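Since the structure comes first, as C-alpha cells, the remarks are kept for the end.
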Amino acid sequence: MTSISTTFGQTLDPFKDASVDEDGTAGVQEGLIHIRIQQRNGRKTLTTVQGISPDYDLKKIVKACKKEFACNGTVVEHPEYGEVIQLQGDQRTHIRDFLKIIGIAREDQLKVHGF
C-alpha cells in the first residue's frame with residue numbers, strides 16, 4: 001500500500017499553524033491589527049493588540065487607552081510579534097472603537113479574536 005505522501009507528493013497537516021508561511025517563517029498578515037484576549041488567573045484577563053504600525057508611538061497610545069478605559073496597560077516586547085500593547089481586562093470592543101475613532105485603523109483592518 002502506498003502512503004499519501006508518495007501518492008500526492010506532499011502531506012496535508014490539518015494542525016499546521018495558519019500564520020506560518022510556506023518557507024517556515026511565522027508572519028503576520030500585512031495590514032491587519034489583531035486584538036486578542038488571554039485568560040490570566042480566575043476571572044482576570046489581558047487584552048493584547050498586535051500589528052500597529054511602528055510609525056505610531058505605542059506608549060502614547062497606551063497612555064490614552066489607560067485614561068479612556070480606566071485600566072492599566074503597557075507595551076511589551078513579544079519574540080514573534082514585536083512590540084505588543086497589553087491592557088488589563090476585556091478591552092476588545094473599547095480598543096477596537098478607539099483605534100477606529102482616532103484613525104489608526106479602519107474596520108476591515110481590525111481582527112478581534114477571543115471567546
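Checked against (1) under 20 Å from GLY31 (Cα atoms); (2) within 13 Å of the chain's Cα centre (by Cα), ASP57 passes all but a single condition, namely (2). Listed here are the strands (runs of 3 or more DSSP E) enclosed by segment 63-115 that have at least 3 residues being in contact with a Ser or Thr (Cβ under 9 Å, 6 or more places away or on another chain) and either in contact (Cβ under 8 Å) with a residue 40 or more places away in the chain or among the basic types (Lys, Arg) (or both): 82-88. Checking segment 18-30 against the condition returns no match, with no residue being surrounded by 11 or more Cβ atoms within 10 Å (Cβ to Cβ), modelled with pLDDT of 80 or more and not hydrophobic (A, V, I, L, M, F, W, C). Filtered by the rule that a residue be surrounded by 17 or more Cβ atoms within 10 Å (Cβ to Cβ) and out of contact with any Lys or Arg (no Cβ under 8 Å at 6 or more places or on another chain), segment 59-85 gives ILE61, VAL62, CYS65, PHE69, VAL84, ILE85.
The values are calculated or read from the model by the stated rules, or taken from the named source; none is laboratory data. All values derive from a computational prediction rather than experimental measurement. Positions of Cβ are generated from backbone atoms using ideal geometry, with glycine treated the same way; all protein chains shown enter the neighbour counts.
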